[in-house]
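Chemist: Sending over a structure as structure tokens; questions will come in a sec.
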Amino acid sequence: MSAVGLESIDHTVQLTHAWINDLDARLKWSNKPRSYRLLRTVLHALRDWLQVNEAVDLAAQLPTLLRGVYYEHWRPATVPTKDRSKATFLARVDAAFVTDPLADTEFAVISVFHLLSDLISGGEIRDVRQALPADLRKLWPSQGQSEKKAVVL
């Protein structure tokens, strides 16, 4: 394999670490494995709450490594999930933290939504927000509420 191929792998690993580190700092956890689990869980729930085309559009803006995580165990024929309520979304996140429960699941999810708003294009975030049920959309910061501008990957 050429050095160029390895550079692209190194780059996606660095980007993925940057995303996890950013989320960990936002949560003030100092627990990167837990932050990664939260990011993974929220991405999977989002993926399953969206129509297939919108889920794929979102994935296209993730770092390559996170895109692989996002697609892990995906069954497009079964999406979007039937019960797409905010309560069901939060319960799905809580299920990933049974042994070490989140103190505030809603805050944790909002933190991931802020991260995504900061790192994915505004147009894609608008599309994803619009595709979510109103009660879940309220957790996602609207355009301009996010702390940083989108970063080109």
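The values are calculated or read from the model by the stated rules, or taken from the named source; none is laboratory data. This structure is a prediction, so every number in the text was calculated from the model and none was measured. Note: ideal-geometry Cβ built from the backbone for every residue, glycine included; neighbour counts use all protein chains shown.
Chemist: Given the condition hydroxyl-bearing (S, T, Y) and surrounded by 19 or more Cβ atoms within 10 Å (Cβ to Cβ), answer yes or no: does some residue in the range 81-93 qualify? Spell out how you get there, then give the answer.
Modeler: Going through the range 81-93, the residues hydroxyl-bearing (S, T, Y) turn out to be 81, 85, 88.
Next cut, surrounded by 19 or more Cβ atoms within 10 Å (Cβ to Cβ) only: none.
Within the range 81-93 (the criterion being hydroxyl-bearing (S, T, Y) and surrounded by 19 or more Cβ atoms within 10 Å (Cβ to Cβ)), the answer is no, since none of the residues qualifies.
Chemist: Considering only the range 87-141, how many residues are in a helix (DSSP H, G or I) and closer than 24 Å to A25 by Cβ?
Modeler: So the first thing to find is which residues in the range 87-141 are in a helix (DSSP H, G or I), and the list is 87-95, 105-119, 122-131, 134-137.
Subsequent filtering for residues that are closer than 24 Å to A25 by Cβ retains 89-90, 93-94, 105-119, 122, 124-125, 128-129.
Matching residues across the range 87-141 total 24.
Chemist: All but one of (1) surrounded by 15 or more Cβ atoms within 10 Å (Cβ to Cβ); (2) among the polar types (S, T, N, Q); (3) over 23 Å from K138 (Cα atoms); (4) modelled with pLDDT under 95 hold for T78, so report the exception by its number.
Modeler: It fails just one condition, (1).
Chemist: Please tell me if W19 is modelled with pLDDT of 95 or more and either surrounded by fewer than 20 Cβ atoms within 10 Å (Cβ to Cβ) or touching a Ser or Thr at 6+ places or on another chain (Cβ under 7 Å) (or both). Break it down stepwise before answering.
Modeler: Details: modelled with pLDDT of 95 or more: yes; either surrounded by fewer than 20 Cβ atoms within 10 Å (Cβ to Cβ) or touching a Ser or Thr at 6+ places or on another chain (Cβ under 7 Å) (or both): no.
For W19, the condition - modelled with pLDDT of 95 or more and either surrounded by fewer than 20 Cβ atoms within 10 Å (Cβ to Cβ) or touching a Ser or Thr at 6+ places or on another chain (Cβ under 7 Å) (or both) - is not met.
Chemist: Out of curiosity, is D83 over 17 Å from the mean Cα position of the chain (by Cα), closer than 20 Å to L139 by Cα and not in a helix (DSSP H, G or I)? Reasoning before the result, please.
Modeler: Details: over 17 Å from the mean Cα position of the chain (by Cα): yes; closer than 20 Å to L139 by Cα: yes; not in a helix (DSSP H, G or I): yes.
Against the criterion (over 17 Å from the mean Cα position of the chain (by Cα), closer than 20 Å to L139 by Cα and not in a helix (DSSP H, G or I)), D83 qualifies.
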